[in-house]
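J.: Sharing a structure, written as structure tokens. Questions coming.
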Amino acid sequence: EFKKKYPYKKTVTREWADAIIFATIAASLIRGFLIEAYMIPTGSMERTLLVGDFLFVSKLNYGPRIPNTPIAFPFAHHTMPITGSKAYSELIHIPYKRLPGFQAIERNDVVVFNYPVEADAPYNRPVDKRENYIKRAVGISGDVVEMKNGNLVVNGKPGYDSDDVQKAYVVFTDASGLSPQVLKDKRMEYSQQYDENGNPVYILFVTQEEIEEVKKWSNVKEVMMYDNASPAFPKSDLYNWNFHNFGPLKVPSKGDVVALNELTYPLYERIITVYEGNTLEKRADGIYVNGVKTDAYPIKMNYYWMMGDNRDNSLDSRDFGFVPEDHIVGKALFTWLSWDTDGTFLSKIRWNRIFRGIN
């Protein structure tokens, strides 16, 4: 009689196993489709986001992606923690599809996206397993972006700027130099060199307010803007652009038909081949897409221009070019914890940054 009423009783081990499996599936779904925690590892968004900020990133705002590689080890992004082996299998590959969101990416949103360069060797990772980057979408589809002497210009007007944007300055001092402790206390990022006389020369990555303070220091002789001549996208002799001077360049939109010729080839080569999966070749008699001669190409996705607020110490679209919509992970919402590794025991947590919105 008892067995009829209670035919089966789970063992404690089985109950724990079921609970763990359920929790793993639930957490994976929340992380995949709703919200994910993210930590800022580098200073490319200083001072808007600081190294050690822990963020919540919403997948819902722009619409969650269906995973391209659904067979994966839970909670490991692309690499297994101890073995270092791949944490996913490409046996099943689902084409890009995004569920409806409740907003489009707006200009100047702070966005987490997959690092597009990891499509290439040696990584060759699928889109959703590429490393997560966080930058500001200073240019959205259809915008015209350019840099003029280190200043961002979007659609012919000054682009995103704020008191938290950092730029690089060259600081010349007398022989005593700048105090490393003062620079550390003020959390000023810098590199140090020496001039021909052996005097220290610093490159400081600081805000406008901070550089005005530095100019007042007694042993500072001269301060000048750093000229960032790092080669910029598309890194072609036809353009010869750099991080401080490039463009104007239009950010492509889905449905745009772009001209294909000798001049535009470097701009769209990566979009056509790597991101949209076509073959592209130059032949003696013209340009061929998928073996068909053509002088135009219809863009299949929306693209974005991502830049760090730490203008001269950020690996961003100036280096790798357009970011496709299928690489968009989500929108950064707020900081839920901020950990300062250089802080004293009592000031490790930056209390003023907890539950601070990101804009």
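J.: Report whether or not Thr48 is within 30 Å of Met307 (Cα to Cα) and modelled with pLDDT of 95 or more. Break it down into steps so the answer makes sense when it comes.
T.: Values: within 30 Å of Met307 (Cα to Cα): yes; modelled with pLDDT of 95 or more: yes.
So Thr48 passes the test.
J.: Among the candidates Ala332, Ala296, which residue alone is touching a residue at least 24 places away in the same chain (Cβ under 8 Å), among the hydrophobic types (A, V, I, L, M, F, W, C) and within 30 Å of Asn261 (Cα to Cα)? Explain how you work it out, then say what you get.
T.: On the way: Ala332 fails: within 30 Å of Asn261 (Cα to Cα).
Result of the check over Ala332, Ala296: Ala296.
J.: Select from the range 261-302 the residues that are in contact with a Gly (Cβ under 9 Å, 6 or more places away or on another chain) and in a strand (DSSP E or B) and write down the one among them that is farthest from Tyr115 (Cα to Cα).
T.: Among those that are in contact with a Gly (Cβ under 9 Å, 6 or more places away or on another chain) and in a strand (DSSP E or B), it is Lys293.
J.: Sticking with this structure for a sec: Tell me, which residue of the range 300-359 that is aromatic (Phe, Trp, Tyr) and open to solvent by 30 Å² or more (accessible area, probe 1.4 Å) is farthest from Asn240 (Cα to Cα)? Let's see the steps before the verdict.
T.: Within the range 300-359, the first condition is being aromatic (Phe, Trp, Tyr), and the residues that meet it are 303-305, 320, 322, 334, 336, 339, 345, 351, 355.
Narrowing the set further to residues that are open to solvent by 30 Å² or more (accessible area, probe 1.4 Å) leaves 334, 336, 339, 345, 351, 355.
Numbers: Phe334: 38, Trp336: 42, Trp339: 40, Phe345: 49, Trp351: 45, Phe355: 43 Å.
Looking at residues that are aromatic (Phe, Trp, Tyr) and open to solvent by 30 Å² or more (accessible area, probe 1.4 Å), I get Phe345.
J.: Which strands (runs of 3 or more DSSP E) does the range 87-165 wholly contain that include 2 or more residues that are open to solvent by less than 60 Å² (accessible area, probe 1.4 Å), within 22 Å of Thr42 (Cβ to Cβ) and in contact (Cβ under 8 Å) with a residue 12 or more places away in the chain?
T.: Values: elements: 110-114, 132-139, 144-148, 151-154.
Where strands (runs of 3 or more DSSP E) fall fully within the range 87-165 and carry at least 2 residues being open to solvent by less than 60 Å² (accessible area, probe 1.4 Å), within 22 Å of Thr42 (Cβ to Cβ) and in contact (Cβ under 8 Å) with a residue 12 or more places away in the chain, they are 110-114, 132-139.
J.: Evaluate the range 203-219: report whether one residue or more is within 20 Å of Thr42 (Cα to Cα), in contact with a helix residue (DSSP H, G or I) (Cβ under 8 Å, 6 or more places away or on another chain) and either open to solvent by less than 50 Å² (accessible area, probe 1.4 Å) or not in a loop (DSSP other than H, G, I, E, B) (or both).
T.: For the range 203-219, residues within 20 Å of Thr42 (Cα to Cα), in contact with a helix residue (DSSP H, G or I) (Cβ under 8 Å, 6 or more places away or on another chain) and either open to solvent by less than 50 Å² (accessible area, probe 1.4 Å) or not in a loop (DSSP other than H, G, I, E, B) (or both): present.
The values are calculated or read from the model by the stated rules, or taken from the named source; none is laboratory data. Fair warning: this is a prediction, and the values are worked out from it, not measured in the lab. A quick note on method: Cβ atoms are made from the backbone with ideal geometry, for glycine too, and the neighbour counts reach across all protein chains shown. For accessibility, only protein heavy atoms count, side chains too; no ligands or nucleic acids. Shrake-Rupley method; radii C 1.70, N 1.55, O 1.52, S 1.80 Å.
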